[in-house]
Structures are given as C-alpha cells and as structure tokens.
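The values are calculated or read from the model by the stated rules, or taken from the named source; none is laboratory data. Note that the structure is predicted; figures quoted are calculated from it, not measured. All Cβ positions, glycine included, derive from the backbone under ideal geometry; neighbour counts span all protein chains shown.
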Amino acid sequence: MYNFNEKVTTELYEKYSEFKMLSSGNTSTSKEFYDETLYDLIKSNIKNKNKNKNKNLNICDLGCGTGMKLKSLLDMGCRNLYGCDINADAEDSPRIVRQGLFDFLKYNSIKFDIIILNDVMEHLSFEQVIELFELCKANMSKGAILYIKVPNGASPYFGLYQYGDFTHKLIFNQYSFLQLQSMTDATLKCCMQEKLSIRKFKGIKKIAVTVLYKIALVRYKYISYLIFRTDVIMTPNIIAMFQFNEQ
C-alpha cells in the first residue's frame, strides 16, 4: 500500500543539509559557520576535564548532517567521534553512519560520554522525545552529558526558526525542559541562551547589528519580566544540558 507519510518524510530529508545551508544564507563549510555556541560550550567543558582523558571520550552527534561540526571536535584532539544522520553525505567525516538516530541507538554497543542533539528534538513527536531520552540513557556512561539545542519558543524571533522549517513539530523553552525532566530519569543541569552569531556582516557592520540585536532582546526581556515576573531566555535558540540518574 502507498505510504504517503514515509514518502513525504524521505523526500523532505533527502536534501536537508543543502536546504539548511541555503535557508541560512550561508553555503560555506568553514569553521565560522559550523562552530556554533553549542559546540563552543562542549569544547570548553572538555578542556576543563583531565586533558589526558579527552582523547578517550566517546562523543556522539545524533542527526549530525554532514559531520563538519564533529570535525571541529576532531581538531581539538578528540578521537572517538561518532555520528548518524539519515542524510549523511560526507565520506571523509569521522565515523558517520547513514542511519536514523533511533535505529542507531537501538543497535549501538558503545557507551558515550557526550551525546549531542543539535536541532533534532523539534523534528520529533512528543512520544519520540520520551523514547529518545530512554535510548540516550541506555547508551551513556556514568556522569555523561546530553547537550541539546532547539529553537526557543519563548523568543520573539522563534517563528523564523520554528516555522521556517516544514519538518519542525515541537516547540521548546526553558519551562518545557523542566517538564521533560519531571517525566524522565534526566536532571536538567542548566539552560542557557545561545550567543548571537552574525555571519553575513564583518567589521563595523557586524558590531552595529550585534548591538541592535542585543538592545532588542533586552527590551523584550524587560517587558516579559514586568508582565510575567519571570526571567525568560529570549534568544532564538536555547541550549540545555541533561544528566541521567541512576547510571
């Protein structure tokens, strides 16, 4: 029987990496494009650990695309790098498998010290997110960290990110992460804003755009605090770190 959902999903993701590059206005594969705030945070945390153990950390990027972001970790000395993506197309990237993340985790035999979910969870259903957390727990070592980045539903700019991609299903913010914590065996270690990354401008223009953007965010945050009496993260994307209990 003709399976409409399977056909549409396959077509949407066949050239997903190409679409994301074009929609971002940047077709570069340079470090400037790929070294985002999430990976800067991961690299900073890795550097704070025992340097002798860095090379032995098992790091997995689920939904890694072309794998260029893993290469930024490879450049800093990490060697046990793994990734999976149904649209994987980079033959020279470290240990990338062309496979869906659920099948990858179900048949994996490696215990990971770090798992990365960068722009992944918004593509899933509620039930799939719960299942994904259970699979991540089963595939992580004691004290391992799960890093997540998703569009921020509390941001005044979230619509551009959330609805600019036809494959997005769920919306998250810092409070839905707390709710997710209560429904799983995971503990939310921190929730933080993403630093602004201006890719289209250089020099004075880049400084001016950055300043204007930060002024706008402060304005929205101040209004939000006056109305809701809460400190809401307002950047278009939000980053979370989870650790699993009873590992």
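For the range 73-95, how many residues meet the condition of being at pLDDT 85 or above, crowded, with 19+ Cβ neighbours inside 10 Å and not in a loop (DSSP other than H, G, I, E, B)?
Total meeting the criteria: 4.
T230 passes all but one of (1) of a type in the set (S, T, Y); (2) at pLDDT 90 or above; (3) not in a helix (DSSP H, G or I); which number fails?
Condition (2) is where T230 drops out.
Take L70 and tell me if it is aliphatic (A, V, I, L, M), outside any loop (DSSP other than H, G, I, E, B) and crowded, with 19+ Cβ neighbours inside 10 Å.
yes
Among the residues of the range 161-182 satisfying the criterion of being free of Cβ contacts under 8 Å to residues at least 40 places away in the same chain and not in a loop (DSSP other than H, G, I, E, B), which is farthest from E127 (Cα to Cα)?
Looking at residues that are free of Cβ contacts under 8 Å to residues at least 40 places away in the same chain and not in a loop (DSSP other than H, G, I, E, B), I get Y175.
If G100 satisfies all but one of (1) closer than 22 Å to F166 by Cβ; (2) touching a residue at least 24 places away in the same chain (Cβ under 8 Å), what's the number of the condition it fails?
(2)
State whether one or more residues within the range 150-167 are over 20 Å from Q179 (Cα atoms), among the hydrophobic types (A, V, I, L, M, F, W, C) and modelled with pLDDT of 95 or more.
no
Can you find a residue in the range 24-39 that is at pLDDT 60 or above, surrounded by 14 or more Cβ atoms within 10 Å (Cβ to Cβ) and not in a helix (DSSP H, G or I)?
yes
Give the range 110-160 a look and list any residue that's closer than 22 Å to M192 by Cα, in a loop (DSSP other than H, G, I, E, B) and among the hydrophobic types (A, V, I, L, M, F, W, C), or say none.
V120, L124, A154
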